[in-house]
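Data first, discussion second: the structure below is written as structure tokens.
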Amino acid sequence: MMNDEVNDGATPTLEIEPASMKTSGQCACCGKSRRTAWGFVYLDGGPHACYFVEWTLGRRDCSARFDVVVGKWFDGTTENDREAVSLEYRLLDTGPSFAVVDADGRPAAEVGRATKSAEVTGTPLADEVVSIAGAVLEADERVRDLAAPAVG
Ligand SMILES: [Zn+2]
């Protein structure tokens with residue numbers, strides 16, 4: 001049975017594909033360089049989302065942003081077929097933590113409709129983007145440092 005080999009039906013398969021990155025100015029709090037890395041997310045083999053992570057190099061205590069754009073990506077779709085959700089990331093004593101914030105003005109808002117924190121928080125969309133961001137944190141080596149416990 002082909003379908004059974006691809007997926008047992010219970011858990012969707014998320015695949016993270018890192019793409020490019022660029023420097024993106026300086027941190028507002030400490031002046032160190034910030035960087036933005038981005039990539040693509042496939043769900044059960046089909047294009048599903050893209051993500052941007054912006055953080056301060058070598059600094060886990062500065063704020064980091066995970067922007068996730070979820071929706072339709074086939075030919076003919078536009079940013080109106082996708083939702084851009086922005087997550088403020090913090091590494092707490094209890095582990096990684098994401099809070100939904102407004103996506104206006106983020107690079108992600110150029111490829112998806114910018115959502116507001118108030119309309120996304122507590123919805124299934126929030127759960128989905130947080131799980132995608134968590135998967136990115138584990139799978140994308142460029143940002144994995146952000147999840148590591150502080151040393152010393
Ligand atoms: Zn800083």
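Quick notes on this structure:
- Residue check, R106 away from the ligand (no atom under 16 Å from the Cβ), under 14 Å from the mean Cα position of the chain (by Cα), among the basic types (K, R) and surrounded by 15 or more Cβ atoms within 10 Å (Cβ to Cβ): yes
- Restricting the range 29-53 to residues that are within 16 Å of the ligand (Cβ to nearest atom) and touching a helix residue (DSSP H, G or I) at 6+ places or on another chain (Cβ under 8 Å), the residue that is nearest to D140 (Cα to Cα): V53
- Within the range 127-152, if we keep just the residues that are of a type in the set (G, A, S) and more than 16 Å from V41 (Cβ to Cβ), the residue that is surrounded by the most Cβ atoms within 10 Å (Cβ to Cβ) turns out to be A147.
- Within the range 56-74, residues that are farther than 30 Å from D44 by Cβ have Cβ atoms under 8 Å from residues that are small (G, A, S) and more than 16 Å from the ligand (Cβ to nearest atom) in these pairs: R60/A148, counting only partners at least 6 apart in sequence or on another chain.
- When V136, V129 are checked against the criterion of being part of a helix (DSSP H, G or I), in contact (Cβ under 8 Å) with a residue 12 or more places away in the chain, away from the ligand (no atom under 16 Å from the Cβ) and under 15 Å from T36 (Cα atoms), V136 stands alone in meeting it.
- Matching residues in the range 87-120 - criterion: being modelled with pLDDT of 95 or more and among the acidic types (D, E): E88, D102, D104, E119
- In the range 54-99, the residues that are small (G, A, S) and part of a loop (DSSP other than H, G, I, E, B): G58, S63, G76
- Any hit, the range 77-91, residues being surrounded by 14 or more Cβ atoms within 10 Å (Cβ to Cβ), hydroxyl-bearing (S, T, Y) and either within 22 Å of E15 (Cα to Cα) or in contact (Cβ under 8 Å) with a residue 60 or more places away in the chain (or both): yes
- Among the residues of the range 9-28, the ones that are within 16 Å of the ligand (Cβ to nearest atom) and surrounded by fewer than 14 Cβ atoms within 10 Å (Cβ to Cβ) come to 4 in all.
- R65 meets the stated requirement of being touching a Ser or Thr at 6+ places or on another chain (Cβ under 7 Å) and either more than 16 Å from the ligand (Cβ to nearest atom) or within 14 Å of V143 (Cβ to Cβ) (or both).
The values are calculated or read from the model by the stated rules, or taken from the named source; none is laboratory data. Here the structure is a predicted model, which is why all the values come from computation and not from measurement. In this analysis, Cβ positions are derived from the backbone assuming ideal geometry, glycine residues included, and neighbour counts consider all displayed protein chains.
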